[in-house]
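The values are calculated or read from the model by the stated rules, or taken from the named source; none is laboratory data. This one's a predicted model, so the numbers in the text were calculated from it and none came from an experiment. Here Cβ is always computed from backbone atoms with ideal geometry, including for glycine, and neighbour counts include all displayed protein chains.
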Ligand SMILES: [Mg+2]
């Protein structure tokens, strides 16, 4: 993709977190399988991955506030349901939930993708206003603050549980633009989820770019293979 269309009119960027800047390591499936195993239930990571794919899609909304609404308690309830759905065999589901909630609270359970540091460094040199916008809960502050590559960003987080709405709700993107101090047409959303990060952002008036690390972007959707493609060539050592 050429430099001009990517940056045309763009003054600020919001990055999605999970799958875009950070990934769980070990994998989500491994962490769930280990939690099951500690209660004597042996499951393959393939089985867990398949179940997680099903249950992660189920939405949980803040009562009375409609689709994509959320808060801390809603997120906790949502994850409790996901854990119970993925690991129905464990004798103590509350224990499994507590262990997994704590596991994913820890920065030690997450890694930055290798393209994150060079990209952020280059964009910071360009004085591009940046923030991280994530469907997550307050645990993300501890995760980002505890990862040396991202620690400086801990004050630049827009988190769904705090906004009150999850992506792709337009209120989430309004909160992002407010944080950046820019109108939507000046902001680009960069993320790995077609609906939450790209189509939802576009409906809210932002530009958007899919980070397609696994080469399965739908035809016609603007995408890059990794984050370094965001950096204009003159800053990219080319
Ligand atoms: Mg993501």
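Key figures for this structure:
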quantity: The one condition in (1) in a loop (DSSP other than H, G, I, E, B); (2) at pLDDT 95 or above; (3) surrounded by fewer than 19 Cβ atoms within 10 Å (Cβ to Cβ) that residue 90 fails to fulfil; calculated: (3)
quantity: Among the residues listed as 113, 104, the single one being out of contact with any helix residue (DSSP H, G or I) (no Cβ under 6 Å at 6 or more places or on another chain) and more than 23 Å from residue 228 (Cα to Cα); calculated: 104
quantity: Counted residues, the range 218-230 - those being within 16 Å of the ligand (Cβ to nearest atom) and either free of Cβ contacts under 8 Å to residues at least 12 places away in the same chain or under 18 Å from residue 158 (Cβ atoms) (or both); calculated: 0
quantity: Where residue 72 falls short, out of the listed (1) surrounded by fewer than 17 Cβ atoms within 10 Å (Cβ to Cβ); (2) over 17 Å from the mean Cα position of the chain (by Cα); (3) not assigned by TED's automatic domain parsing to the domain that holds residue 208; calculated: (2)
quantity: Of all residues making up the range 189-211, the number that are surrounded by fewer than 22 Cβ atoms within 10 Å (Cβ to Cβ) and more than 12 Å from the ligand (Cβ to nearest atom); calculated: 5
quantity: Helices (runs of 4 or more DSSP H) within the range 1-87 that include 2 or more residues modelled with pLDDT under 95; calculated: 3-7, 45-55, 72-86
quantity: Residue 104, sole failed condition from (1) in contact (Cβ under 8 Å) with a residue 12 or more places away in the chain; (2) more than 16 Å from the ligand (Cβ to nearest atom); (3) not assigned by TED's automatic domain parsing to the domain that holds residue 194; calculated: (2)
quantity: Residue count for the range 121-143, restricted to those that are farther than 19 Å from residue 83 by Cα and touching a residue at least 40 places away in the same chain (Cβ under 8 Å); calculated: 12
quantity: Scan of the range 33-46 for residues that are without any contact (Cβ under 8 Å) to a residue 24 or more places away in the chain and either in contact with a helix residue (DSSP H, G or I) (Cβ under 8 Å, 6 or more places away or on another chain) or under 9 Å from residue 86 (Cα atoms) (or both), ordered by number; calculated: 33, 42, 44, 45, 46
quantity: Single match in 197, 212 (criterion: within 22 Å of residue 118 (Cβ to Cβ), without any contact (Cβ under 8 Å) to a residue 40 or more places away in the chain and touching a strand residue (DSSP E or B) at 6+ places or on another chain (Cβ under 6 Å)); calculated: 212
quantity: Meets criteria (touching a residue at least 40 places away in the same chain (Cβ under 8 Å) and out of contact with any helix residue (DSSP H, G or I) (no Cβ under 6 Å at 6 or more places or on another chain)) for residue 95; calculated: yes
quantity: Residue within the range 221-231 that is in contact with a helix residue (DSSP H, G or I) (Cβ under 9 Å, 6 or more places away or on another chain), in a loop (DSSP other than H, G, I, E, B) and closer than 22 Å to residue 68 by Cα present; calculated: no
quantity: Residue that is modelled with pLDDT of 95 or more, at positive phi, in contact with a helix residue (DSSP H, G or I) (Cβ under 6 Å, 6 or more places away or on another chain) and not assigned by TED's automatic domain parsing to the domain that holds residue 104, where the choices are 191, 205, 146, 181; calculated: 205
